[in-house]
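Worksheet: one structure, shown below.
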Amino acid sequence: MNVYDFDNTIYDGESILDFFFFYLKKTPYLVKYIPKVFYALYKYKRGRVTVEQAIETYAPFVEDYFKNIEDFEADVVQFWDGHMHRIKPFYKEIQKEDDIIVTASPECTMEEICRRLGIRHCVGSIMDPKTGKISRLCMRSRKIPAFLEAYPDAHIDNFYTDSVKNDAPLIEMADHAFEVKGRKIRQIK
């Protein structure tokens, strides 16, 4: 089977960041959080924030904001209506029926895009869409237990990622691994 990271791998960009800007248009007061969001993204990409630090620092903000969202499911549909074009073309060319997405993005935001793409299997962060409470952050080494919990007998033939550093544990599990940078794909294992 093929396993994929999502952000910057299949999706051209960081969907969580794009969701932030989507909500920024709806609630302009979020502009005050832009420096914090970019700093958090920088720290994450550089591997300078632990999962625990991320939850401790950013979960209260997310939970507070979710108290004001009227219809999250409708927002997710609207978001993907405007962002489907960000799916990289290579994915449809190599897509298989048993593909699995393993992502730090919340499963509740991924369900719609997976449905649209015909992807039946996705392992991501767990966030309550009504409260914004994060119960599992599926990033870096935490992707492994989340993946194995959902698919204990799975064998990864090919793994695709944009971050060799952040997804090293999944690269180790795979027979073959590929790094996706923009529209270029190169085999790294």
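If you average the sequence gap of Cα pairs under 8 Å that are 6 or more apart and divide by the length of the chain, what percent do you get for the contact order? Dividing the mean separation by the residue count of the chain yields 28 percent. Checking the Cα-Cα distances for 32/184; 32/165; 36/184; 43/189; 26/130; 92/130 against a 24 Å cut-off, the pairs over it are 32/184; 32/165; 36/184; 43/189; 92/130. In order along the stretch 96-103, the phi-based Karplus estimate (6.51 cos²θ - 1.76 cosθ + 1.60, θ = phi - 60°) of 3J(HN,Hα) comes to 10, 5, 9, 4, 10, 9, 10, 9 Hz; Gly and Pro are listed as x. Close amide H pairs (under 5 Å, H built 1.01 Å from N) link residue 4 with 100, 101, 102, 160, residues at least 5 positions away or on another chain.
Over the stretch 99-189, what is the mean sequence separation of C-alpha contacts under 8 Å (at least six apart), divided by residue count, expressed as relative contact order in percent?
Details: 145 pairs, mean separation 17.9, N = 91.
It rounds to 20 percent for the stretch 99-189.
Near the amide H of residue 177, within less than 5 Å, lie the amide hydrogens of 159, 188, 189, all on another chain or at least 5 residues away, with H placed in the peptide plane. Look at where the Cα atoms of the stretch 64-142 and of the stretch 166-189 average out, and the two centres are 21 Å apart.
Each reported figure results from applying straightforward, stated rules to the coordinates on display, with no laboratory input. Computed from a prediction, not measured in an experiment: that's the story for all the values here.
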